[in-house]
Amino acid sequence: MDSFTPTLRPSFEDPFVGVSDGAVSFDSDAQTYIDFIEGDGVSLSGSQKSAINSFYVTGKSNGWYSKLKRVYLPIWEAASPNSRCLVSSTSGTFQGSFNYDPGYSYSTAASNANRFNTGYKLLDGLTIEDGCLMALAYDDTPPTNSGINAVNKTIIGSGAWTVDSVRINTGNSSTKLKAVWLGVDELTLPTSSSHGVLLSNRKDGATSLSRRDGSVFHDDSTTGALTGTYNNNFPITGFGSASSRYLYATQATTSKAGALGISEGLDSAERSSYTLAIKNLWETCSGLTL
């Protein structure tokens with residue numbers, strides 16, 4: 001444990017005070033997640049607990065926390081805490097062979113056998129016109145712009161053919177970042193980097209692609225009617241895309257992921273706030289920087 005000792009504010013100043021962790025009162029949902037991963041064997045510092053609490057308080061204050069369906073922080077060096085969802089008290093499943101390093105996880109080979117199965121299907125609680133996928137893709141090799149580390153790779157998504165897919169991925173012939181959403185795709189950010197907190201988002205008839213790195217937030221959208229179909233027999237997966245109408249998996253990757261998530265569609269202000277909150281949470285808890 002470190003010597004971090006946050007100042008305790010009176011409860012009437014903080015509408016998100018929940019239960020007590022030692023001398024500090026945390027949001028109750030933050031405390032639930034802390035209890036889960038400590039039960040999984042993670043030893044959290046005071047600064048890590050404070051960062052976790054800040055994520056929940058920020059999300060509730062800015063209105064996007066209630067829209068989150070699944071959020072994972074696979075930074076804890078073991079499968080069990082890495083698979084814990086921050087918002088649903090459920091766990092996903094690492095399938096196949098993975099490395100669990102401080103700050104991120106990645107599959108040992110780009111193989112259809114290696115996936116993180118969230119167990120969540122898009123239409124379980126969302127619609128094809130109102131959804132968002134999130135991933136923090138990390139590249140520690142200069143020039144650190146290839147968070148998704150090769151062409152035709154998916155960091156999170158579902159669907160075997162582009163028109164029938166929801167994904168964050170790279171293209172067939174380049175590593176340019178893409179937000180793929182059932183036939184209306186966005187890939188026009190000013191840089192081709194896929195390093196950072198990434199969103200593929202559908203809301204109000206537009207597909208948006210967002211990327212936040214160490215200092216800059218980029219966000220662009222395109223409108224249009226969806227032309228693809230979505231097969232809800234297959235879950236959203238990390239480190240590749242789940243199968244769609246054909247019975248195989250697709251776009252496996254060894255890219256390093258520090259966060260994965262599924263939510264309702266977010267507006268531009270929510271996208272900015274959410275990606276910043278994920279960045280701050282990951283950087284404080286991992287000790288790494290984007």
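The values are calculated or read from the model by the stated rules, or taken from the named source; none is laboratory data. Here the structure is a predicted model, which is why all the values come from computation and not from measurement. For neighbour counting, all protein chains shown are included, and Cβ atoms are generated from backbone atoms with ideal geometry for every residue, glycine included. The protein model used for the area step is the full one, side chains on, heavy atoms only, and it has no ligands, DNA or RNA in it. Shrake-Rupley method; radii C 1.70, N 1.55, O 1.52, S 1.80 Å.
Restricting attention to the range 148-160, the residues that are assigned to a loop (DSSP other than H, G, I, E, B) and either at positive phi or touching a strand residue (DSSP E or B) at 6+ places or on another chain (Cβ under 6 Å) (or both) total 6. When you check residue 64 against the structure, is it of a type in the set (A, V, I, L, M, F, W, C) and farther than 19 Å from residue 42 by Cα, yes or no? Yes: the conditions hold for residue 64. One residue stands out among those in the range 187-223 that are of a type in the set (D, E, K, R) and over 18 Å from the mean Cα position of the chain (by Cα): the one that is surrounded by the fewest Cβ atoms within 10 Å (Cβ to Cβ), which is 204.
Yes/no per residue for (1) assigned to a helix (DSSP H, G or I); (2) open to solvent by 30 Å² or more (accessible area, probe 1.4 Å):
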| position | (1), (2) |
| --- | --- |
| 225 | no, yes |
| 230 | no, yes |
| 235 | no, no |
| 254 | no, yes |
| 258 | no, no |
| 261 | no, no |
| 265 | no, no |
| 275 | yes, no |
| 280 | yes, yes |
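Considering the range 168-178, and only residues there that are over 14 Å from the mean Cα position of the chain (by Cα) and in contact (Cβ under 8 Å) with a residue 24 or more places away in the chain, the residue that is most open to solvent (accessible area, probe 1.4 Å) turns out to be 175.
Okay, residues lined up against (1) outside any helix (DSSP H, G or I); (2) at pLDDT 95 or above; (3) of a type in the set (Gly, Ala, Ser); (4) open to solvent by 30 Å² or more (accessible area, probe 1.4 Å):
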residue: 25; (1), (2), (3), (4): yes, no, yes, yes
residue: 33; (1), (2), (3), (4): no, yes, no, no
residue: 36; (1), (2), (3), (4): no, yes, no, yes
residue: 47; (1), (2), (3), (4): no, yes, yes, yes
residue: 52; (1), (2), (3), (4): no, yes, no, no
residue: 58; (1), (2), (3), (4): no, yes, no, yes
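Looking across 66, 43, one residue alone is in a loop (DSSP other than H, G, I, E, B), of a type in the set (Ser, Thr, Tyr) and open to solvent by 50 Å² or more (accessible area, probe 1.4 Å). It is 43. Here the range 220-261 is the region considered, the condition is being over 23 Å from residue 210 (Cα atoms) and in contact with a Lys or Arg (Cβ under 6 Å, 6 or more places away or on another chain), and the residue that is modelled with the highest pLDDT is 232. For residue 163, the conditions (1) open to solvent by 10 Å² or more (accessible area, probe 1.4 Å); (2) assigned to a loop (DSSP other than H, G, I, E, B); (3) at pLDDT below 95 are fulfilled apart from (2).
Might you check whether a residue that is more than 17 Å from the chain's Cα centre (by Cα) and touching a residue at least 12 places away in the same chain (Cβ under 8 Å) occurs anywhere in the range 255-265? Scanning the range 255-265 turns up no residue that is more than 17 Å from the chain's Cα centre (by Cα) and touching a residue at least 12 places away in the same chain (Cβ under 8 Å). Of everything in the range 85-129 that is among the charged types (D, E, K, R) and open to solvent by 60 Å² or more (accessible area, probe 1.4 Å), the residue that is nearest to residue 243 (Cα to Cα) is 121. Among the residues of the range 8-19, is any modelled with pLDDT under 95, of a type in the set (Ser, Thr, Tyr), at negative phi and open to solvent by 20 Å² or more (accessible area, probe 1.4 Å)? Looking through the range 8-19, at least one residue is modelled with pLDDT under 95, of a type in the set (Ser, Thr, Tyr), at negative phi and open to solvent by 20 Å² or more (accessible area, probe 1.4 Å).
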